[in-house]
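**Student:** Before anything else, here's the structure in question.
The values are calculated or read from the model by the stated rules, or taken from the named source; none is laboratory data. Everything numeric in this text was worked out from a predicted model, so none of it was measured. As a convention, Cβ positions derive from the backbone with ideal geometry for all residues, glycine included, and neighbour counts pool all protein chains shown.
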Amino acid sequence: MEDIHAGKIDVEDGISRLQNLSYTDLGCAKLDNHRELRVGYPEVIFCQGKTIAQVRTIIAAMMKGDANILATRAGEEYFTAVKEICSGAVYNPLARTIAITKKIMSPPESYIAIVTAGTSDLPVAEEAAVTAEIFGNRVERIVDVGVAGVHRLFDKLALIRGARVIVVVAGMEGALPSVVAGLVDKPVIAVPTSVGYGASFHGLAALLAMLNSCAGGVSVVNIDNGFGAGYMASMINKPG
């Protein structure tokens, strides 16, 4: 309406934009155009379970807007299809994400620390990092500092303590978030991973350990949910 008043767009164009403000029915999906206005971040595409054609259709529709686009749990075959309609799409094979940056966001002075217990936890941690970065955050990655060699954690403690929020990703017995939370005065988002041997029950042991943390200030997301952790950390780190 401000653009119409300023003469930047005509009334017909304004009406067309308002008609599509709520959502766009794509047949295979209903694209939530209004989400960024409501919650501060645009809709993110979860590719698992969707066909390549469906993901391509959704991204093609999202490209008409000006928000950054993120697709998670995407294999290389999804990226190949998306690259055909958007040459600027970037694939992260470790995180299995597709990112399309349509606007450069100035990161706040504060940063998010993403800490992994082991190298095997990196795919989940990287999903969290990519999510936080496309939402305009500076991310510091601290890798392979689990409790099996806790001295490695102490070497990076100053960097971890300097963060506004800390994401801790761990499999096996899931002990690292409790250790970190006992050493910092910042919120800790714990992410259990499905890394581990038989009795880890594909991450259930780590999840229960994190939910039962004796350290205060620990919140827990679902198993392997790097996206959820990165999203929450972005909200905490958001200025204002």
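**Student:** In the stretch 102-120, is there at least one residue being out of contact with any helix residue (DSSP H, G or I) (no Cβ under 7 Å at 6 or more places or on another chain), under 17 Å from Ala170 (Cα atoms) and surrounded by 14 or more Cβ atoms within 10 Å (Cβ to Cβ)?
**Tutor:** Taking the stretch 102-120 as the starting set, the residues that turn out to be out of contact with any helix residue (DSSP H, G or I) (no Cβ under 7 Å at 6 or more places or on another chain) are 102-107, 109, 111, 118-120.
From what is left, the residues that are under 17 Å from Ala170 (Cα atoms) are 118-120.
In the following step, the residues that additionally are surrounded by 14 or more Cβ atoms within 10 Å (Cβ to Cβ) were identified as 118, 120.
The answer is yes; a qualifying residue exists.
**Student:** Now a separate question. Do we find a residue being touching a Cys at 6+ places or on another chain (Cβ under 6 Å), free of Cβ contacts under 8 Å to residues at least 40 places away in the same chain and closer than 25 Å to Ala128 by Cβ anywhere in the stretch 76-95? Even if it seems obvious, please write down each step before you answer.
**Tutor:** Start the filter on the stretch 76-95 by keeping residues that are touching a Cys at 6+ places or on another chain (Cβ under 6 Å), which leaves 78.
Next, only the ones that are free of Cβ contacts under 8 Å to residues at least 40 places away in the same chain stay: 78.
Still in the list and also closer than 25 Å to Ala128 by Cβ: 78.
Among the residues of the stretch 76-95, at least one is touching a Cys at 6+ places or on another chain (Cβ under 6 Å), free of Cβ contacts under 8 Å to residues at least 40 places away in the same chain and closer than 25 Å to Ala128 by Cβ, which makes the answer yes.
**Student:** Let me ask you something else. Only residues that are crowded, with 20+ Cβ neighbours inside 10 Å, small (Gly, Ala, Ser) and assigned to a helix (DSSP H, G or I): list them for the stretch 201-236, please.
**Tutor:** Gly203, Ala206, Ala209, Gly226, Ala229, Gly230, Ala233, Ser234
**Student:** Hey, which of the helices (runs of 4 or more DSSP H) in the stretch 1-71, taking only ones fully inside, have at least 2 residues that are surrounded by 16 or more Cβ atoms within 10 Å (Cβ to Cβ)? So that I can check it myself, show each step before the final result.
**Tutor:** Values: elements: 2-5, 11-19, 35-39, 52-62.
Correct list: 52-62.
**Student:** Any chance the stretch 179-186 includes a residue that's more than 21 Å from the chain's Cα centre (by Cα), at pLDDT below 95, more than 14 Å from Ala132 (Cβ to Cβ) and assigned by TED's automatic domain parsing to the domain that holds Glu127?
**Tutor:** The answer is no; no qualifying residue exists.
**Student:** For the stretch 195-240, give me each residue that is more than 18 Å from the chain's Cα centre (by Cα) and among the polar types (S, T, N, Q).
**Tutor:** Ser200, Asn212, Ser213
**Student:** Please specify each residue of the stretch 173-183 satisfying the condition of being among the hydrophobic types (A, V, I, L, M, F, W, C) and crowded, with 24+ Cβ neighbours inside 10 Å.
**Tutor:** Of all residues in the stretch 173-183, those among the hydrophobic types (A, V, I, L, M, F, W, C) come to 175-176, 179-181, 183.
Selection gives Leu176, Val180.
**Student:** For the stretch 176-196, name all the residues that are outside any helix (DSSP H, G or I), closer than 16 Å to Val147 by Cβ and free of Cβ contacts under 8 Å to residues at least 60 places away in the same chain. Outline the logic, then answer.
**Tutor:** Within the stretch 176-196, the first condition is being outside any helix (DSSP H, G or I), and the residues that meet it are 182-196.
If we keep only those that are closer than 16 Å to Val147 by Cβ too, we end up with 182-184, 188, 190-193, 195-196.
Residues satisfying the conditions are Gly182, Leu183, Val184, Val188, Ala190, Pro192, Gly196.
**Student:** Which is within 19 Å of Ile236 (Cα to Cα) and modelled with pLDDT of 95 or more, of Ala132, Ala71? Walk me through how you get there before you give the answer.
**Tutor:** Working: Ala71 fails: within 19 Å of Ile236 (Cα to Cα).
It is Ala132.
**Student:** Of (1) touching a residue at least 40 places away in the same chain (Cβ under 8 Å); (2) touching a helix residue (DSSP H, G or I) at 6+ places or on another chain (Cβ under 9 Å); (3) farther than 16 Å from Phe46 by Cα, Glu126 satisfies all except one. Which?
**Tutor:** (3)
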